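Asks: Encoded as structure tokens, here's the structure I'll be asking about.
The values are calculated or read from the model by the stated rules, or taken from the named source; none is laboratory data. All figures in this text were calculated on a predicted structure; none of them were measured in a lab. As a convention, Cβ positions derive from the backbone with ideal geometry for all residues, glycine included, and neighbour counts pool all protein chains shown.
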Amino acid sequence: MRHRLQQLAPLIATLVFIGAAALLWHQLRGYNWADIRGSLQSIPTWKIALCIGLTTANYIVLIGYDWLALSSIHHPLPFRQVAFASFTGFVATYNFGATLGGLPVRYRVYSSLGLSSIEVMQVAFMLGLTFGIGEIATAGLSFVIDPIVIPEQLNLPFHAVKGLGWTLIAITAGYLLLTAFIHKPLRIRGHDVRLPKFGVTLAQIGVSVADLVLAAGCLYSLMPADFSMNFPQLLGAYLLAIIAVMLTHVPGGVGVFELVILTLTGSTNKEDVVAALLIFRVIYYLLPLLVATLLIAVMSLVRQLSKVQPIVRGSGRIVTSIAPTILAMATFLAGIVLLISGAIPSVSSNMKLLENFVGLHVVEVSHFVGSLAGGALILVARGLQRRLDTAWWGAVCLLTIGIFTSLLKGIDYQEAIVLLLVLLSLVSCRNRFNRPGRLLHERFSFGWFSTITISVLSCLWLGVFIYKNGNIQSDRWWEFAIHGDAPRFLRSCVGVAALLVLWTIGRICSPSKVGKSGLPTESDLQTASEIIAKSTRTSANLALLGDKRFLFSDAQDAFLMYAVENRSWISMGNPVGPPERWPELIWRFRELCDSHNGRPVFYQVGADSLPLYVDHGLTFLKLGEEGRVSAREFSLSGHHFQNMRSTRNRILKAECQFEVIPKERVADYLPRLKEVSDAWLAEKHAAEKGFSLGFFDAEYLQRFPCAVVKQNEKVLAFANLWLGANNEEFSVDLMRHDPSGPSGLMDFLFLELIFWGQQQGYEWFSMGMAPLSGIEDRPYAPMWNKAVGVLYRNGDHYYNFQGLRSYKDKFRPVWEPRYLATPGGIALPQVLSDLVRLIGREKKPGESPQTTKMLDE
């Protein structure tokens, strides 16, 4: 049900925008574009400068939100990093909304700076709390000091807000008293909620009030001299407009914000208010986005200069995490700029110059092509967010076209400069867009579809409003004239609409590239075997268990193996195959999860591959460490191995022999291997595992050589051998022994395996994972690290994890960390539960309907 509501939210936002646009049309029916354009030109330069100054001050104050949030979770960061996260986060929020813009941006920045997903969500909660209490306090003061009057045409049950203001002040005072006198956590719906300290609460209110007052001041500074409201009244109207935007979830509040302000101000000179709102949106929303884009570009360029790298230490992680998202937003808005430019009439004097120097045909073609480029840019932006190489080339070409067409259709040098700055930013961040793929294969979320729809409809609304006085007629579509702005707009509308329709058809007809979700066929297993034969890491052989699904690369030279448990789509380790194929496979797996409303999870990934998963906003939890013994340098000499030498000699004197059975002969040994396996399971009171561990399966075991320990031809212990390519590594998977055999049998098997690998020329012998070992338990370590740290030290009764680490330490291995890459947050407990069920091969009373549905699709 919740997922359905999430899917409906963008549709509801689109419908709300359409309703707001209709009401705006009604409000402005008596005005025309010439009136509004005149008001725009009459705004003094000093007012624009004042608005820019107040906007700058406002964004500086906004840093306080993040600073307080980080202080509350005891995870301080350098001021420059907090300032960058705050600035880019609020820029994204104001232009594209919190869900589509602000939260993902903050998540990427803070994750790259070392915050866990839980900590990022705590920061987001504190941001919302700070804004909420500040909004209540500011509204209360505004409504009491000089309350606004609610227009009668709204048909609300009240027309005065002074009583509401006193109520809000009482709520603020009550909250302050709670934080001053209640220091224990409050129990709310089964959860402990700890209130901020009194001093922190005062700081929250101060920051939020300053933010809202400055933001409203930016708008007030642009209002005409005869504006009908004083500042406290406009502040109240501004607060109500912000609340309306938050409730409707329209990206950037387009249409909704303007409608509420126009309705509440009740000004008779609405063209002046509309002009102020337009300039306010450019200065407060679009200009900071352009600054953020240029900042990303400069940081990327500076980082590439080796001589100044120490100055920007740490900036590389931030730029890598955020550049595609910010540049995608800038490209999207560059497309909107071109579409709006195609709707607005050109300056008459400029058109006369163009008529004399380039001719009518060039003007007409440039206008049409420029609008098409704008429509294409808003589509390409999604590919930029996904780091597509083709999207980067497409955006560069389209921006270049847009620059030339802007100059050739109306000498619009202002928009040409904006497009040029976005283009230069893209070029400076070229290395951030290295993912192969086709644009038509990119999945558009409901939020993106809604944003595109609202943006295009906004431009259409503007054009129809401008030419509403008889200029839009069917017989004028094919009229070509140097001052024929309306016919050019109509032709551009048809062109952009055709582009969007063709794009949609192309996506529908394009074959899916996300891969299939069924269990592997024999052909799939054969293809996987050929790829595994070239892999140096032996864990790739887990693919041959047959309990996982495959996602192959286009070249069929790499694959990713995964299984599904409830909504968790869990990949076993990194992709298998050439490393250059990994990013694309990870992206496609992410898209496969998105298309089924699943969570992408990567189990047991190495530290060297973590940057690949940072790109997807995943967080990392340390699972344990894998031990690898240097087979080439291994020796039993020295005091440390005295007991192992004794054990080996004792087993040899008991007439036990070690032998490696070729895979062609394993079938002959299967009955005895089965007896040993069953006896071992019975003695351990254990059941077969799966996914990340092998289980006894005749077909699986016959794919590998098998090491056995025999006594008088009776098999006492066995282990199937995984052999890596180029003699880089070998390992074992299913390793079991007869409980009635001599003690020390497994030590003997391990030793003989290492010596066998040494004779065969292998570099490393992998002893597998020691779960939960090497996990930090610092005061501010993530919650999962603390929990598993306790389990590692005290969980011997259940899992004997510490004993496993101690046992493997006898062989002097080199330990390498292994991680779980997961979305984290509130989904983390369910992910861990799904992982346990998957490895434990737990049978459910009935297959999850959701899982069954996902697998069948």
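Asks: Of 625, 655, which residue is at pLDDT below 90, in contact with a strand residue (DSSP E or B) (Cβ under 7 Å, 6 or more places away or on another chain), acidic (Asp, Glu) and over 30 Å from residue 827 (Cβ atoms)? It would help to see each step written out before you state the result.
Replies: Numbers: 625 fails: over 30 Å from residue 827 (Cβ atoms).
Selected residue: 655, the only one of 625, 655 that is at pLDDT below 90, in contact with a strand residue (DSSP E or B) (Cβ under 7 Å, 6 or more places away or on another chain), acidic (Asp, Glu) and over 30 Å from residue 827 (Cβ atoms).
Here is a yes/no grid of residues against (1) crowded, with 19+ Cβ neighbours inside 10 Å; (2) over 30 Å from residue 453 (Cβ atoms); (3) outside the structural domain of residue 249 (by TED's automatic domain parsing); (4) hydrophobic (A, V, I, L, M, F, W, C):
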{"site": "82", "(1), (2), (3), (4)": "yes, yes, no, yes"}
{"site": "87", "(1), (2), (3), (4)": "yes, no, no, yes"}
{"site": "102", "(1), (2), (3), (4)": "yes, no, no, no"}
{"site": "105", "(1), (2), (3), (4)": "yes, no, no, yes"}
{"site": "111", "(1), (2), (3), (4)": "yes, yes, no, no"}
{"site": "114", "(1), (2), (3), (4)": "no, yes, no, no"}
{"site": "126", "(1), (2), (3), (4)": "yes, yes, no, yes"}
{"site": "133", "(1), (2), (3), (4)": "yes, yes, no, yes"}
{"site": "147", "(1), (2), (3), (4)": "no, yes, no, no"}
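Asks: Okay, moving on. Determine the pairs where a residue that is touching a residue at least 12 places away in the same chain (Cβ under 8 Å), located within region 9-28, has a partner that is assigned to a helix (DSSP H, G or I) and of a type in the set (Gly, Ala, Ser) with Cβ atoms under 6 Å apart, the partner being 6 or more residues away or on another chain.
Replies: Note: pairs meeting the criteria are 10/447; 10/450; 13/450; 14/450.
Asks: A further question on this structure: Here is a check on your reading of the model: is residue 602 touching a residue at least 24 places away in the same chain (Cβ under 8 Å), part of a strand (DSSP E or B) and buried (at least 23 other Cβ atoms within 10 Å of the Cβ)?
Replies: Values: touching a residue at least 24 places away in the same chain (Cβ under 8 Å): yes; part of a strand (DSSP E or B): yes; buried (at least 23 other Cβ atoms within 10 Å of the Cβ): yes.
Considered against the rule, which asks whether it is touching a residue at least 24 places away in the same chain (Cβ under 8 Å), part of a strand (DSSP E or B) and buried (at least 23 other Cβ atoms within 10 Å of the Cβ), residue 602 comes out as yes.
Asks: So the check is Cβ under 7 Å with 6+ separation or different chains; which pairs have a first residue in region 261-280 that's more than 21 Å from residue 245 (Cα to Cα) and a second one that's polar (S, T, N, Q) and modelled with pLDDT of 85 or more?
Replies: From region 261-280, the pairs are 271/39; 272/39.
Asks: Please verify whether residue 236 is surrounded by 20 or more Cβ atoms within 10 Å (Cβ to Cβ) and farther than 23 Å from residue 458 by Cα, treating the condition exactly as stated.
Replies: Values: surrounded by 20 or more Cβ atoms within 10 Å (Cβ to Cβ): yes; farther than 23 Å from residue 458 by Cα: yes.
Taking the combined requirement at face value, the residue satisfies it.
Asks: For region 686-698, does any single residue satisfy the condition of being more than 24 Å from residue 563 (Cβ to Cβ) and touching a residue at least 24 places away in the same chain (Cβ under 8 Å)? First the steps, then the outcome.
Replies: Residues of region 686-698 that are more than 24 Å from residue 563 (Cβ to Cβ), as a first pass: none.
No: region 686-698 contains no residue that is more than 24 Å from residue 563 (Cβ to Cβ) and touching a residue at least 24 places away in the same chain (Cβ under 8 Å).
Asks: Now a separate question. Of the residues 69, 57, 92, 49, which single one is without any contact (Cβ under 8 Å) to a residue 60 or more places away in the chain and not in a loop (DSSP other than H, G, I, E, B)?
Replies: Values: 69 fails: without any contact (Cβ under 8 Å) to a residue 60 or more places away in the chain; 57 fails: without any contact (Cβ under 8 Å) to a residue 60 or more places away in the chain; 92 fails: without any contact (Cβ under 8 Å) to a residue 60 or more places away in the chain.
None of the other options fit; the residue is 49.
Matching residues to (1) exposed (fewer than 13 other Cβ atoms within 10 Å of the Cβ); (2) farther than 29 Å from residue 67 by Cα; (3) at pLDDT below 90:
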position: 152; (1), (2), (3): yes, yes, yes
position: 156; (1), (2), (3): yes, yes, yes
position: 169; (1), (2), (3): no, no, no
position: 180; (1), (2), (3): no, no, yes
position: 188; (1), (2), (3): yes, no, yes
position: 196; (1), (2), (3): no, no, yes
position: 206; (1), (2), (3): no, no, no
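Asks: Restricting attention to region 606-633, report how many residues are in contact with a Gly (Cβ under 6 Å, 6 or more places away or on another chain) and either among the hydroxyl-bearing types (Ser, Thr, Tyr) or crowded, with 22+ Cβ neighbours inside 10 Å (or both). Write out each step before concluding.
Replies: Within region 606-633, the first condition is being in contact with a Gly (Cβ under 6 Å, 6 or more places away or on another chain), and the residues that meet it are 619, 625, 631.
Adding the requirement that they be either among the hydroxyl-bearing types (Ser, Thr, Tyr) or crowded, with 22+ Cβ neighbours inside 10 Å (or both) leaves 619, 631.
Residues that pass the stated criteria total 2.
Asks: If you don't mind, there's one more thing I want to ask. Considering only residues that are at pLDDT 90 or above and hydroxyl-bearing (Ser, Thr, Tyr), which ones fall in region 260-292?
Replies: Those that are at pLDDT 90 or above and hydroxyl-bearing (Ser, Thr, Tyr): 284, 285.
Asks: Here's a follow-up. Going through 831, 836, 814 one at a time, which residue ends up being loosely packed, with under 14 Cβ neighbours inside 10 Å, β-branched (Val, Ile, Thr), closer than 20 Å to residue 570 by Cα and at pLDDT 50 or above? Before you say what the answer is, go through the steps one by one.
Replies: Values: 831 fails: loosely packed, with under 14 Cβ neighbours inside 10 Å; 814 fails: closer than 20 Å to residue 570 by Cα.
Answer to the selection: 836.
Asks: Output the residues belonging to region 408-422 that are in a helix (DSSP H, G or I), hydrophobic (A, V, I, L, M, F, W, C), touching a residue at least 12 places away in the same chain (Cβ under 8 Å) and within 24 Å of residue 364 (Cα to Cα).
Replies: Our first condition is that a residue be in a helix (DSSP H, G or I); within region 408-422, this holds for 408-410, 413-422.
Within this subset, residues satisfying the condition of being hydrophobic (A, V, I, L, M, F, W, C) are 408, 416-422.
Okay, now just the ones that are also touching a residue at least 12 places away in the same chain (Cβ under 8 Å), so 408, 416, 418-422.
408, 416, 418, 419, 420 - these are the residues of region 408-422 that are in a helix (DSSP H, G or I), hydrophobic (A, V, I, L, M, F, W, C), touching a residue at least 12 places away in the same chain (Cβ under 8 Å) and within 24 Å of residue 364 (Cα to Cα).
Asks: Same structure again: Test of understanding: among 73, 63, 18, which residue is surrounded by fewer than 19 Cβ atoms within 10 Å (Cβ to Cβ), farther than 20 Å from residue 96 by Cα and in the same structural domain as residue 109 (by TED's automatic domain parsing)?
Replies: Numbers: 63 fails: farther than 20 Å from residue 96 by Cα; 18 fails: farther than 20 Å from residue 96 by Cα.
Of the residues listed, the single one that is surrounded by fewer than 19 Cβ atoms within 10 Å (Cβ to Cβ), farther than 20 Å from residue 96 by Cα and in the same structural domain as residue 109 (by TED's automatic domain parsing) is 73.
Asks: Only residues that are buried (at least 20 other Cβ atoms within 10 Å of the Cβ) and among the basic types (Lys, Arg): list them for region 325-382, please.
Replies: 382
Asks: For residue 634, which of the numbered conditions (1) touching a helix residue (DSSP H, G or I) at 6+ places or on another chain (Cβ under 6 Å); (2) farther than 20 Å from residue 564 by Cα; (3) in a strand (DSSP E or B) fails to hold?
Replies: (3)
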